[in-house]
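Chemist: What follows is a structure written as structure tokens; I'll ask about it next.
Just so you know, all these numbers are worked out from the coordinates, no wet-lab data involved. In this text, all values refer to a predicted model and were calculated from it rather than measured experimentally. FYI the Cβ positions are ideal-geometry reconstructions off the backbone, even for glycines, and counts take in every protein chain you see.
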Amino acid sequence: MITMEQDKWLYHNTLKWKGEKKADLRFIESKQEIEVATPPEFGGHENIISPEDLFVSSANVCYMTTLLGTLKNMGVELISYESRAEGILETVDKMKIFTKIIIRPKIKAKETEEKIRMILNHAEKRCLVANSMKTQVIIEPEIETA
């Protein structure tokens, strides 16, 4: 269960090592479990979700959920949404860090392009995961009006 206090939320997960740079990650609230591993570029496994995948996807998902809430609050009807995200991992001062995450949402809504852009910018500023990251998160939208 998500623990909540006034203006404070606590999220939980558990991790159980399975050997060979693999583990099962369990999200307690949803009871879902996924296999995770070190990525192949660091001596790990192909075709298994890595911490790097989760890091980039968390920004992508948070932006979408923030945008959905903003669209609803503004009374804008969403027709379609999909996005692609990529994270750039580089060596800086002998440390590997994500220097940038680029999210490319493709959105179609019943509203003017100007208002959609305003809502996209608002969601970008309000995305709590991106706001918590040290890396730069860039939004490059493609907008279609209906």
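Chemist: Suppose each label sits 7 Å from its Cα in the direction of the beta carbon; what would the Glu114-Val92 distance come out to in nanometres?
Modeler: 3.7
Chemist: What does the extension gain come out to for Asn13 and Leu54, with contour length at 0.36 nm per residue minus their alpha carbon separation? Don't skip to the end; give the middle numbers.
Modeler: Working: separation 41, 0.36 × 41 = 14.76 nm, distance 1.33 nm.
Fully extending the segment from Asn13 to Leu54 adds 13.4 nm.
Chemist: Sticking with this one: Check which residues have an amide H placed less than 5 Å from Thr38's amide H, if you skip close sequence neighbours.
Modeler: For Thr38, whose amide H was placed from the backbone, the distant partners under 5 Å are His45.
Chemist: Taking the DSSP beta bridges in the stretch 51-145 as the whole, what percent of them are antiparallel, to the nearest 5?
Modeler: Details: 14 of 22 bridges.
Antiparallel bridges: around 65 percent, rounded to the nearest 5.
Chemist: Select from Pro40, Pro51, Pro105 the residue whose mean-square fluctuation is largest in a Gaussian network model of the chain (Cα-Cα springs shorter than 10 Å).
Modeler: Greatest mean-square fluctuation among the candidates belongs to Pro40.
Chemist: Go from 0 up to the bin containing the longest alpha carbon distance in the chain, width 5 Å each, and give me the % of pairs per bin.
Modeler: With a bin width of 5 Å, the distribution comes to 2, 8, 15, 17, 16, 16, 13, 8, 4, 1, 0.
Chemist: Could you work out the relative contact order of the stretch 51-145? I mean the mean sequence separation of Cα pairs under 8 Å and 6+ apart, divided by the number of residues, in percent.
Modeler: Value for the stretch 51-145: 34 percent.
Chemist: Would you please give the FRET efficiency between Lys22 and Glu82, computed as 1/(1 + (r/R0)^6) with r the Cβ-Cβ distance and R0 = 35 Å, to the nearest 0.05?
Modeler: 0.70
Chemist: So how much slack lies between Gln6 and Thr99, counting 0.36 nm per residue of separation and subtracting their Cα-Cα distance, in nm? Write down the numbers at each step before the final one.
Modeler: Details: separation 93, 0.36 × 93 = 33.48 nm, distance 3.31 nm.
Extra length available between Gln6 and Thr99 comes to 30.2 nm.
Chemist: Taking Cα atoms of the stretch 5-77, Rg/Rh with Kirkwood Rh, to two decimals? Could the numbers behind the result be given before it?
Modeler: Numbers: Rg = 16.3 Å, Rh = 14.6 Å.
Dividing the radius of gyration by the Kirkwood radius yields 1.11.
Chemist: Using a Gaussian network for the chain with springs between C-alpha atoms less than 10 Å apart, which of these wobbles most: Ser80, Ser50, Ser30?
Modeler: Maximum fluctuation in the GNM of the chain, among the listed residues, is at Ser30.
Chemist: Considering just Cα atoms, how many Å³ per residue does the convex hull of the stretch 3-42 enclose?
Modeler: 83
Chemist: Now for a different question. Roughly how many whole Å is it from the C-alpha centroid of the stretch 29-72 to that of the stretch 122-146?
Modeler: After rounding, the separation between the Cα centres reads 16 Å.
Chemist: Take Tyr81, Tyr63 and order them by how many other Cβ atoms sit within 10 Å, fewest up front. Present the calculation step by step, with values, prior to reporting the outcome.
Modeler: On the way: Tyr81 14, Tyr63 24.
Ordered from fewest to most neighbouring Cβ atoms within 10 Å, Tyr81, Tyr63 come out as Tyr81, Tyr63.
Chemist: Continuing with the same structure: For the stretch 20-37, just list the computed ³J(HN,Hα) in residue order, Karplus coefficients 6.51, -1.76 and 1.60, θ = phi - 60°, integers in Hz, with x standing in for Gly and Pro.
Modeler: With coefficients 6.51, -1.76 and 1.60, one gets 6, 6, 10, 7, 9, 9, 10, 9, 4, 5, 9, 6, 8, 9, 10, 7, 10, 7 Hz.
Chemist: Note the angle between two axes, namely the Cα long axis of helix 113-126 and the longest principal axis of the Cα atoms of the chain, as a number of degrees from 0 to 90, rounded to the nearest 10.
Modeler: Here the helix axis deviates by roughly 40 degrees.
Chemist: With angles folded into 0 to 90 degrees, how steeply does helix 51-73 sit against the dominant principal axis of the chain? Use alpha carbons for both and round to 10.
Modeler: 20
Chemist: Right, another one. Could you give the length gained by full extension between Glu140 and Glu41, i.e. 0.36 nm per residue of separation minus their alpha carbon distance, to one decimal place?
Modeler: Length gained between Glu140 and Glu41: 32.9 nm.
Chemist: Can you give me the distance in nm between label points at Met74 and His122, each placed 7 Å from the Cα along the Cα-to-Cβ direction?
Modeler: Result for the modelled spin labels: 0.5 nm.
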